[in-house]
Structures are given as C-alpha cells and as structure tokens.
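**Student:** There's a structure below that I have some questions on.
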Amino acid sequence: MQSRAPDEIVVLDQAPASRHSPATLRFLQHHAACGNIRLAMLAGSGACRACNCGPAFARSGILLYLRDCMPSPDLVARHLQHYCDPDVGAVGGVVISGESHDSAGHAGERPHSQQCDRKESGRGAAACLLSADNFSVRREVFLAVGGWNEHLRCNADRDLTMRLLAAGHGIVYDPEARATRSTGHGCEMTTGTRTRRPPVKAKLPDGAIR
C-alpha cells in the first residue's frame, strides 16, 4: 500500500507467457480484469523498448518506472512532491539490494552503477544519473527527448540522463525514494541503507555537452 496511491498501474510484461508460472499468469490476468492494473504483454524483450512503451499505455502526466523492484510505502509520494517545481523534469531514487546484507543483517544499497549516482561538475553542482530501476519523469519531457535509446546494450539510463540535462531539464535525486530489488525478472512497472543526504537537484553546467 502506498501513502499516496498511484493514479494507475501499468505492467509492461516483456517475458514470454511460457516463462510465467500459472499462478503468476492468473494473478496478472485477475488484476487486469478487475481494473487494478493495465497489463501490456509485449512481443520481444528489452528493457529500453519496454520503457518506451510506457507512454503508449499510461495516461498520467508523470511516469514512475520500477523494474523488478518492490516500492517503499511512500515511494509515489516521494517522487511526486518534487514536481511542484516546474523546472524538475525527472526524479531518481535509490535501489536497495534484497540480497546483500551488512553485519547487522540489514539490506544494503545497490552499487552506484544501479542507482542514482552523483558526479561533481565544474560548477560544483551534482549531476544525477538516473537508474532504470527506480525513476520518474514528466511524460512530455520523456517524449520530447526521444525516450530510451533502444540501440544501446548498456548505459541507456546514463544516455537518457545526459539528454535530459542537455535539454535543460532539472533532475532531482531523492535518497528517501527507495525501492527494494526483487529476484523476479521480466516486468517493467510504470506508474536499505538510509542515507542522510538531502535531495539534490542537478542541472548540466554550461558547455558540459557540445
């Protein structure tokens, strides 16, 4: 349950039906029939392609993507609060590994390559690199920059980040917008370590991309 319920839930399923257990198929079909989710069974695989299908099925102005992750109870609210600022085009959250644990048995944060990474620019502003596992974006902004580059085999989330920043859209990193990585595979959903860093809004410094 979310503290702020999403307006809609779209499941973009890129796994062949034969890979699903009968129970999983029944679950998806039941909730689709009840109107709880909008289910899109995609032909072919590919995370970038699945993400690009999101706007075709979703109706909301803000798209929140989760890939193989379970959201924290306030994930939707954490993402949405930043869009009160019209300069914010996207928000990146933290992905917590469900498999790695510290000595106290607490789940650990994913390595920086799979979460929203921060890199210092020449002007001292932090540049947030979005993770495909937990991020949100304005629908019109996503479409305007061309969505995900389906020709890239890796680092497509970084490519999208750079194009968003180059187009002048602010990106917020919210360390409290957390999702826990699950062990399942095959679905994109559109809609840890507790760090005390405050949210950071990033813009690309002038001249950083030619």
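The numbers here are math on the coordinates, done by the rules we state, and not lab data. Model, not experiment: these values are computed from the prediction.
**Student:** Each residue of the range 54-65 in order: what ³J(HN,Hα) in whole Hz does its phi give by Karplus 6.51 cos²θ - 1.76 cosθ + 1.60, θ = phi - 60°, with x for Gly and Pro?
**Tutor:** The phi angles translate into x, x, 6, 9, 7, 10, 7, x, 10, 9, 10, 9 Hz.
**Student:** Here's a follow-up. Let me know the shape class of the range 7-59, please: from the alpha-carbon gyration tensor, a ≥ b ≥ c as square roots of the eigenvalues, rounded when a/c is under 1.5, otherwise prolate if a/b is greater than b/c, or oblate.
**Tutor:** Numbers: a/c = 3.00, a/b = 1.09, b/c = 2.76.
Since a/c reaches 1.5 but b/c is at least a/b, the shape of the range 7-59 is classed as oblate.
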